[in-house]
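Asks: Structure provided below as structure tokens; questions to follow.
The values are calculated or read from the model by the stated rules, or taken from the named source; none is laboratory data. Here the structure is a predicted model, which is why all the values come from computation and not from measurement. Neighbour counts are summed over all protein chains in view; Cβ atoms, including those assigned to glycine, are modelled from backbone coordinates with ideal geometry.
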Amino acid sequence: MISDLPSIGQHWKTWKKCFETYITVLGVTDKAQKHALLLYQAGKAMHVILNTLGTGASGDYDTATKKLDAYFTLGSTWNMKFSSFALPFSNAM
């Protein structure tokens, strides 16, 4: 669980970098498949966040990550229950 709100942006950047390494290792290049893997790896909370941002069903990885970058780094209103996106890679670091 993330307890320091100012660190959320940095935590997102670290998580995204790990995720992008993961999809590179898998050899995934298709944007729709990357988007699906993002949703799968980050979990239910990411579905909620992306739906709120209007990119949940778009299947466009680049648009989704740009909106998520802005969401997490601009200090938007944050509900701590959404911090579960950090769990898939928390043991790998």
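Asks: Any idea how many residues of region 64-75 are exposed (fewer than 14 other Cβ atoms within 10 Å of the Cβ) and in a helix (DSSP H, G or I)? Before the answer, list the steps.
Replies: Residues of region 64-75 that are exposed (fewer than 14 other Cβ atoms within 10 Å of the Cβ), as a first pass: 66, 70, 73-75.
Next, only the ones that are in a helix (DSSP H, G or I) stay: 66, 70, 73.
Adding up the residues that qualify gives 3.
Asks: With respect to Ile8, is the statement that it is in contact with a Gly (Cβ under 9 Å, 6 or more places away or on another chain) and either β-branched (Val, Ile, Thr) or modelled with pLDDT of 85 or more (or both) true? Explain how you work it out, then say what you get.
Replies: Numbers: in contact with a Gly (Cβ under 9 Å, 6 or more places away or on another chain): yes; either β-branched (Val, Ile, Thr) or modelled with pLDDT of 85 or more (or both): yes.
So Ile8 passes the test.
Asks: So, of the residues in region 7-63 that are of a type in the set (Ser, Thr, Tyr) and closer than 20 Å to Thr73 by Cα, which turns out to be surrounded by the most Cβ atoms within 10 Å (Cβ to Cβ)? Full working, then the answer.
Replies: Narrowing region 7-63 to residues of a type in the set (Ser, Thr, Tyr): 7, 14, 21-22, 24, 29, 40, 52, 55, 58, 61, 63.
Okay, now just the ones that are also closer than 20 Å to Thr73 by Cα, so 7, 14, 52, 55, 61, 63.
Values: Ser7: 11, Thr14: 14, Thr52: 13, Thr55: 19, Tyr61: 22, Thr63: 16.
Step by step, filter region 7-63, then rank; the result is Tyr61.
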